Amino acid sequence: MLVCIILLVWLLLVWMYFLWSRRRYYKAAWQLRGPIGWPFIGMGLQMMTPETFLQYMDGLSRKFKAPFISWMGTNCILYVNDPSTVEQIFNSTHCTNKGDIYRFMSSAIGDGLFTSSSPRWHKHRRLINPAFGRQILSNFLPIFNAEAEVFLQKLDLEGVQHGKQLEIYQILKKIVLEAACQTTMGKKMNFQHDRSTAIFEAYSGLTEVCVKRMLSPWLYPEFIYRRSRLFSQQQKVVGELFGFIEQLLEPIVSVVSSHASATDQNLNDSRSKSKSIFIEQVREHVERGQLSWQDVRDEANVTIAATFETTSTALYFAILCLAMHPCYQEKLYEELVRELPSIESVSPDQLQRLEYTEMVINEAMRLFSPVPMVLRSADQDIEILRDDGEFLIPQGTQIGIDIYNMQRDERVWGPLAKTYNPEAHFGPDCPPQHAFAFVPFTKGLRMCIGYRYAQMLMKLLLARIFRSYRVSTEARLEDLLVKGNISLKLKNYPLCRVERR
Ligand code: HEM
């Protein structure tokens, strides 16, 4: 009996200490009131379904005044979905570290740029930045044009000659991964001709596993997770991906240098340019002792995943939106006929002039943000300004920035926010927007390292497709069901029909 009483008192004291040590979070939660959820799991149960997660968060943001505080497991989460608070977070030097639950991603695929924290992130970002600079990117155009050609041949053969309705997303993923392997690792993989479905399944399996764990607070403790079915699933996909990355890291013959020399004939120049691709640069850093080979594996893994998942998603949504809106497709075609007299390849100058092409891509990324939500962690106390006052957000608070819902919110974008309408939102006559209302690549120090790469590849592929083909679908915008994953997914991918122009 006495032992029981002592145990109970001890538990009570531990519980009181736990609450007392977290009093600053409770104060913030009291001031920025949001949904509380259940003890220990917070909103875990309500949020655990990726199919409805984004819609659920939108509902909460209308019920509670955002930014508000909620709970995920025992983590205090600040939910943000308005441009003014987004600006404060992205511009704060105390919010550059990723949310704590990104550690589930790094424990699966290694601690690359996407997930790492300072000082590791700072050092690696400085070393890797030059591999995605403006100068180097222009060397990739011949590869992008060659991959566009492969894509068009596939559309023509299957879509036009065989008259099939196409799953464009599946074809795009292969093209973008092929381009990513060549431009970052210098390796040609021939995914279109190879049986490579295992790699694509592994990539989508990996993000699903990570998101399921993020949304299931009871799987946060390592000793529970390692006994779960999800962990066995993770081991399987990670094994596949590690094998793939090792294959990419084997001694390489740079395809960038061969493409470049074919076009500009200047051997010395092309050799120095080929040195600049990601793998060559990181190899030099390894030789100088600035990075280890394990760092290189982690960064390669993350760079390939970040390039291919997001860019193929963004491109797919742009094509689908145009297929659903023939009027904008015709306007795009007019620009392409005007600016691209030859349908063979696109030059850097021509790319720059494709303003309407850029608008249709941006409008698709506004409506379907390829990375729907990013998470940060406050590494010091920060003050945030809401219209009803200034609030202290304690160090250690997790911050969820809901890009997806902000970019389609009528309170931010007006009455047409949920429609696809490039002119209304990016046209020369549209009303001025807050600088942080459209942030598909985010902004600030932690902004996507590959945004110029992605813009160039997307513009080129889109221009090449719509210059030669008309794409249509029976799907309607309002019927699409999105899933909140690390990159945005659809529950079902509508088929598209293509015709030659
Ligand atoms: C449409 C295509 C893309 C979109 C929408 C996109 C979006 C994003 C977003 C939202 C982040 C997180 C930034 C943050 O937390 O503030 C990110 C980070 C990152 N992206 Fe992209 N991305 C795209 C393409 C690419 C490409 C092509 C590459 C590589 C060439 C790339 C490499 C990375 C890397 C390495 C990071 C981590 C950067 C860091 O934390 O320092 N991304 N991207």
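The values are calculated or read from the model by the stated rules, or taken from the named source; none is laboratory data. The model shown is predicted, which means the values in this text are computed figures rather than measured ones. Glycine also receives a Cβ, built like all others from the backbone with ideal geometry; neighbour counts cover every protein chain displayed.
Okay, here's what the table says:
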quantity: Pairs, first more than 13 Å from residue 249 (Cα to Cα) and of a type in the set (Val, Ile, Thr) in the range 173-187, second within 11 Å of the ligand (Cβ to nearest atom) and modelled with pLDDT under 90, C-beta under 6 Å, six or more apart; calculated: 176/308
quantity: Candidates 488, 461 - the one that is touching a Ser or Thr at 6+ places or on another chain (Cβ under 7 Å), in contact (Cβ under 8 Å) with a residue 40 or more places away in the chain and crowded, with 22+ Cβ neighbours inside 10 Å; calculated: 488
quantity: Residues being more than 16 Å from the ligand (Cβ to nearest atom) and hydrophobic (A, V, I, L, M, F, W, C) - total across the range 169-199; calculated: 5
quantity: Filter result for the condition that a residue is over 19 Å from the mean Cα position of the chain (by Cα) and either buried (at least 19 other Cβ atoms within 10 Å of the Cβ) or within 11 Å of the ligand (Cβ to nearest atom) (or both), over 299, 335, 309; calculated: 335
quantity: Residue, nearest to residue 131 (Cα to Cα), within the range 423-462, restricted to residues that are within 16 Å of the ligand (Cβ to nearest atom) and small (Gly, Ala, Ser); calculated: 450
quantity: The listed residue being within 22 Å of the chain's Cα centre (by Cα), at pLDDT 90 or above and within 21 Å of residue 487 (Cα to Cα), out of 182, 234; calculated: 234
quantity: Criterion: closer than 30 Å to residue 303 by Cα, outside any helix (DSSP H, G or I) and in contact with a strand residue (DSSP E or B) (Cβ under 9 Å, 6 or more places away or on another chain) - qualifying residue of 395, 380; calculated: 395
quantity: Qualifying residue in the range 402-416 (condition: of a type in the set (Phe, Trp, Tyr), buried (at least 21 other Cβ atoms within 10 Å of the Cβ) and at pLDDT 95 or above); calculated: yes
quantity: Condition met for residue 459 (under 17 Å from residue 358 (Cβ atoms), modelled with pLDDT of 95 or more and not hydroxyl-bearing (Ser, Thr, Tyr)); calculated: yes
quantity: Which listed residue is over 19 Å from residue 203 (Cβ atoms) and assigned to a loop (DSSP other than H, G, I, E, B), from 447, 456; calculated: 447
quantity: Residues of the range 110-137 satisfying the condition of being within 11 Å of the ligand (Cβ to nearest atom), of a type outside the set (Phe, Trp, Tyr) and not in a helix (DSSP H, G or I); calculated: 112, 113, 115, 116, 117, 118
quantity: Candidate set: the range 405-422, residues that are aliphatic (A, V, I, L, M) and in contact (Cβ under 8 Å) with a residue 24 or more places away in the chain; chosen: the one nearest to residue 80 (Cα to Cα); calculated: 406
quantity: Given (1) within 22 Å of the chain's Cα centre (by Cα); (2) within 16 Å of the ligand (Cβ to nearest atom), number of the condition residue 107 does not satisfy; calculated: (2)
